[in-house]
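The values are calculated or read from the model by the stated rules, or taken from the named source; none is laboratory data. Since this is a predicted model, take the numbers as computed values, not measurements. When we count neighbours, we look across all protein chains shown, and the Cβ atoms used for this are built from the backbone with ideal geometry, even at glycine.
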Amino acid sequence: MNPITTVSGTAYPWGAKNIDTDIIIPAHWLKTITRAGLGRGAFETVRAQAGNIFDDPRYAGAPILIAGDNFGCGSSREHAAWALADMGIRAVIAPSFSDIFSSNAFKNGIIPVVLPQAAVDRLLEAAKDAPVTIDLETMTVTTGYQDRFPFTLDPFRRQCLMEGLDEIGLTLAQDTAISKFEGGLREQRPWIEERRGYADVAVEGARRT
Amino acid sequence: MNTRPQTLYEKIWASHVVERRDDGTCLIYIDRHLVHEVTSPQAFEGLRAGGRRVRRPELTLAVPDHNLPTTPRLGPDGRLLPIADPESAQQLDALRRNTAEFGIDYIDATAAEQGIVHVVGPELGFTLPGTTLVCGDSHTSAHGALGALAFGIGTSEVEHVLATQTLLLSPSKTMEIRVDGTLGYGVSAKDVILAIIGKIGAAGGTGYVVEYTGEVIRGLSIEGRLTIANMSIEGGARAGLIAPDDTTFAYLKGRPMAPSGENWDRAVAWWKTLPTDAGAAYDRTVTLHAGDIAPSLTWGTSPEDVVPITGAVPDPESFADPAKRIAAQKSLDYMGLSAGTRMQDVPVQHVFIGSCTNSRIEDLRAAAAVADGRRVADGVRAMVVPGSGLVKRQAEAEGLDRVFVSAGFEWREPGCSMCLAMNPDKVPPGERCASTSNRNFVGRQGPGARTHLVSPAMAAAAAVTGRLADVRDLMGAK
Ligand code: SF4
C-alpha cells in the first residue's frame with residue numbers, strides 16, 4: 001500500500017445516514033474474484049436517480065465523501081471499500097462508522113474520519129464550494145474557509161496508513177509469539193486442534209440425489 | 001492471580017491474547033475460521049501473490065452457500081449440474097480449487113452437509129463455546145449463541161487469518177441486553193431480536209460486544225439463540241454472546257466435529273468457567289420485558305424500523321431526529337407505504353422462509369405448524385429454503401416438506417437464496433416480500449424489492465392470508 005499523509009480536494013457533501021454496504025455496492029457485483037473494477041458498481045441504486053450527488057459535475061472525481069451516522073453498516077463485504085477506492089475515494093468523513101467497514105477501509109488506504117455531527121454539518125455546507133483537506137500529520141480536517149476540526153485515529157492504524165505497512169507481513173514477524181501460544185493451546189485446550197476432519201465425519205450415503 | 005469479576009467476553013478475550021501492544025490492541029488467536037465462496041477468492045489470490053501459505057489449514061472449514069441455485073442441483077449421475085450464471089460458477093470453482101491447493105476442509109455443493117455457513121458450523125459442532133470464530137460474513141455473530149466470540153471480517157482479514165491464524169484487534173466495550181419475563185403466545189426469538197434492534201437502533205451496538213442474558217434467553221433453545229445472536233450485527237454490534245450452559249452442552253454432545261471422549265469432559269469443564277462472574281461490570285445495560293414484546297416486523301429499509309404486527313406504518317414527522325424523518329420518508333417511498341396504514345392491511349406477493357437467521361429445523365416446524373392444512377393465498381409465491389442439507393433431510397423425515405408442498409409452498413435446496421438474491425432467487429421490483437431473513441435494505445432481495453422482516457410463523461401466516469398477518473389469529477383454530 002502507498003503511504004498516505006494527506007487527502008485533499010473536493011468532497012461529496014452527501015450526509016446520508018445508515019448507508020449500508022448494499023447501497024455502496026449491490027450484491028450482484030460481488031461475483032468477481034478480483035479486487036479491481038468495482039467503481040462501476042459503486043452506489044448503483046443511488047446513481048440510478050436523476051440529480052444524484054455522484055453524477056453532479058461539481059464533485060466529479062472527489063477524493064472525499066461526507067456521510068451521516070453509521071456509514072458502511074451491514075455486510076462485511078470488503079467490496080465496499082474496493083468500490084470506493086476504485087471510484088477514487090481516499091477518505092470518508094462521518095459521525096460514526098460500522099466497525100467492519102472501518103477496518104476494511106483502513107486496509108485499503110481509505111481514511112475513515114470520525115467527527116461530531118456538528119462538525120459534519122458544517123463540512124456539508126463548506127464542501128459545496130470549497131476543498132477539504134485531511135491531514136494525518138496534524139490529525140485535522142480543514143476547509144478553504146477557516147474551519148479546523150481535530151480528529152483521532154487508532155495510532156497503529158495511523159502508522160500503517162502513513163508508512164504504507166503490510167499488516168500480514170508485520171504479524172508474520174511475530175511468528176515466535178504465535179508458535180508459543182499454540183504450544184500452550186495444545187496443553188490447555190487440546191480439543192481446538194484435535195478436530196475431526198470433514199472426510200472422517202461426512203454423513204455416509206448422504207449425497208443429495 | 002486476577003480475581004476481579006470478569007464478563008464472558010473478557011474471559012474469552014484474555015484466553016486468546018498472543019501479544020498485547022502498548023496501545024492496548026492485541027494480537028488475538030483465532031480458533032475457528034469459516035470460509036465461503038464470495039469473500040474468499042481475493043484472499044487466496046493475495047496469499048499466492050505474496051508467496052504465503054495457510055498457517056493452520058485444519059482450523060478452517062469451507063462451504064459454498066451464497067451463489068448456489070436452490071433448484072435441484074444434481075444430475076442423474078450425482079454430479080453438480082452446470083451453474084447457469086458464469087460468474088457464480090467461477091466463484092464456486094475458485095473455492096473448490098483454492099481449498100484443494102491450500103489443504104483446507106471443503107464441503108462440496110453435492111454433499112448432504114452443504115448449507116449456509118452459519119447453519120453448518122453449529123450443526124457439525126465446528127462452532128464451540130469459548131472459541132474465537134471468524135468468517136468473511138457479518139452474520140458470523142450467529143455463532144455467539146454457543147458462547148463463541150464470533151464476528152465477521154473483511155477479505156483482507158480473511159487473508160490475515162489464513163496466513164497467521166490471528167487478528168490484530170482492539171478490545172470492545174461490553175453491553176448486556178437482558179430480556180426478563182416470559183414470552184407471550186406466538187412470540188418467537190425473531191420477535192425478541194427485532195424488538196431489541198427497534199429499541200437500541202441499527203447503530204446502537206457499534207463498538208460493543210453484546211451479551212444477551214435473562215430468563216428469556218436462558219429458556220431459548222440453541223436454535224432460538226442462533227436467531228438472536230445472528231442479528232446482533234443489525235443492531236451494530238459486531239458480536240453477540242450467550243453464555244454456554246446445559247442447553248449448549250446437550251446441543252453439542254455427539255456432533256461430528258465436537259470434541260469427544262476425554263476431550264469432551266475437559267472441554268465442558270472449561271466451558272463451565274466461562275459465564276460472566278457475579279458482580280462483573282458491563283459498559284452499558286439495556287433491559288427489555290418479554291411481556292412487552294409482540295409478534296413484530298419491519299416497515300422500512302433499516303432493521304431498526306420495527307413495529308408490532310398490531311401497529312401501523314409510522315408518520316415520518318413523528319421522529320424527533322430530522323435525519324431520521326428524511327430517512328423514514330425515503331423508506332416509505334421505497335416501500336410503497338403511507339403513514340397510518342395498518343400493517344395487517346398490507347398485501348404481500350412473496351414469502352421467503354430461509355436464511356441463516358431462520359432456516360433451522362425448529363424454524364421450519366414453526367412455519368409448518370401454521371401452513372398445515374391451509375393454502376398459500378392466490379397471487380403469492382412462497383418459498384421454503386432449508387439452511388442445510390441436514391436440516392432438509394430432517395424436515396423430510398418429519399414430513400414437513402409434504403406439509404409445505406401440499407399447502408402450495410416451494411420446497412428448495414439449501415443456500416442463502418432470496419436473503420441476498422445473489423443466485424436466481426429474487427423478488428421482482430416493486431413487489432413485496434415477508435421474509436425470515438435479517439436485512440430489509442434497499443435492493444437486498446433484488447433491485448426494487450420491498451422486504452418485511454418477520455419470524456417463520458409470521459411468514460407462513462403471510463403466505464396463507466396473502467397479507468402481513470398476526471400469527472396469533474391463526475394459531476390453534478383452523
Ligand atoms: S443467509 Fe443471508 S445473511 Fe446469512 S450468510 Fe447467507 S446471505 Fe448472509
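Points worth noting:
- If you go through segment A:1-58 and pick out every residue that is in contact with a Leu (Cβ under 9 Å, 6 or more places away or on another chain), modelled with pLDDT under 95 and in a helix (DSSP H, G or I), you end up with 4.
- Taking the criterion of being among the acidic types (Asp, Glu) and within 19 Å of the chain's Cα centre (by Cα), the only residue of segment A:125-153 that qualifies is A:135.
- Single condition residue B:374 does not satisfy, out of (1) within 16 Å of the ligand (Cβ to nearest atom); (2) of a type in the set (Lys, Arg); (3) farther than 23 Å from residue B:302 by Cα; (4) more than 17 Å from the chain's Cα centre (by Cα): (1)
- Residue tally, condition within 16 Å of the ligand (Cβ to nearest atom) and either surrounded by fewer than 24 Cβ atoms within 10 Å (Cβ to Cβ) or within 14 Å of another protein chain (Cβ to nearest Cβ) (or both), over segment B:344-356: 2
- Taken across segment B:452-469, residues that are touching a residue at least 24 places away in the same chain (Cβ under 8 Å), within 16 Å of the ligand (Cβ to nearest atom), part of a helix (DSSP H, G or I) and within 14 Å of another protein chain (Cβ to nearest Cβ) do not occur at all.
- Subset of segment B:221-252 (residues that are surrounded by fewer than 24 Cβ atoms within 10 Å (Cβ to Cβ) and touching a strand residue (DSSP E or B) at 6+ places or on another chain (Cβ under 9 Å)): B:243
- Where strands (runs of 3 or more DSSP E) fall entirely within segment B:2-81, those with at least 1 residues that are away from the ligand (no atom under 16 Å from the Cβ), surrounded by 13 or more Cβ atoms within 10 Å (Cβ to Cβ) and of a type in the set (Ser, Thr, Tyr) are at B:26-29, B:60-62.
Every residue, every condition in (1) under 18 Å from residue B:451 (Cα atoms); (2) of a type in the set (A, V, I, L, M), yes or no:
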position	(1), (2)
B:308	yes, no
B:315	no, no
B:326	no, yes
B:332	yes, yes
B:335	yes, yes
B:348	yes, yes
B:358	yes, no
B:363	no, no
B:375	no, no
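- Within segment B:299-308, restricting attention to residues that are away from chain A (no Cβ under 11 Å) and within 25 Å of residue B:443 (Cβ to Cβ), the residue that is nearest to the chain's Cα centre (by Cα) is B:306.
- The residue pairs whose first member lies in segment B:46-66 and is without any contact (Cβ under 8 Å) to a residue 24 or more places away in the chain and polar (S, T, N, Q), whose second member is assigned to a helix (DSSP H, G or I) and away from the ligand (no atom under 15 Å from the Cβ), and whose beta carbons are closer than 7 Å, counting only pairs six or more residues apart or on different chains, do not exist in this structure.
The rows are residues; the columns are (1) of a type in the set (S, T, N, Q); (2) modelled with pLDDT of 95 or more; (3) not in a helix (DSSP H, G or I).
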position: A:157; (1), (2), (3): no, no, no
position: A:162; (1), (2), (3): no, yes, no
position: A:165; (1), (2), (3): no, no, yes
position: A:169; (1), (2), (3): no, no, no
position: A:176; (1), (2), (3): yes, yes, no
position: A:180; (1), (2), (3): no, yes, no
position: A:184; (1), (2), (3): no, yes, no
position: A:187; (1), (2), (3): no, yes, no
position: A:191; (1), (2), (3): no, yes, no
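- Hits in segment B:158-180 (condition: touching a helix residue (DSSP H, G or I) at 6+ places or on another chain (Cβ under 7 Å) and either of a type in the set (Asp, Glu) or within 16 Å of the ligand (Cβ to nearest atom) (or both)): B:158, B:159, B:180
- In the set (1) among the charged types (D, E, K, R); (2) farther than 22 Å from residue A:17 by Cβ; (3) at pLDDT 95 or above; (4) buried (at least 16 other Cβ atoms within 10 Å of the Cβ), the condition left unmet by residue A:137 is number (4).
- Of the residues making up segment B:132-156, those that are in contact with a Leu (Cβ under 9 Å, 6 or more places away or on another chain) and at the interface with chain A (Cβ under 7 Å from one of its Cβ atoms) number 3.
- Among the residues listed as A:57, A:63, A:95, the single one being surrounded by fewer than 24 Cβ atoms within 10 Å (Cβ to Cβ), within 10 Å of another protein chain (Cβ to nearest Cβ) and not small (Gly, Ala, Ser): A:95
- Selection status of residue B:338, free of Cβ contacts under 8 Å to residues at least 40 places away in the same chain, touching a Leu at 6+ places or on another chain (Cβ under 9 Å) and more than 16 Å from the ligand (Cβ to nearest atom): yes
Conditions tested, residue by residue: (1) part of a helix (DSSP H, G or I); (2) within 16 Å of the ligand (Cβ to nearest atom); (3) modelled with pLDDT under 95; (4) farther than 23 Å from residue B:327 by Cα.
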{"site": "B:366", "(1), (2), (3), (4)": "yes, no, no, yes"}
{"site": "B:378", "(1), (2), (3), (4)": "no, no, no, yes"}
{"site": "B:383", "(1), (2), (3), (4)": "no, yes, no, yes"}
{"site": "B:426", "(1), (2), (3), (4)": "no, yes, yes, yes"}
{"site": "B:438", "(1), (2), (3), (4)": "no, yes, no, no"}
{"site": "B:444", "(1), (2), (3), (4)": "no, yes, yes, no"}
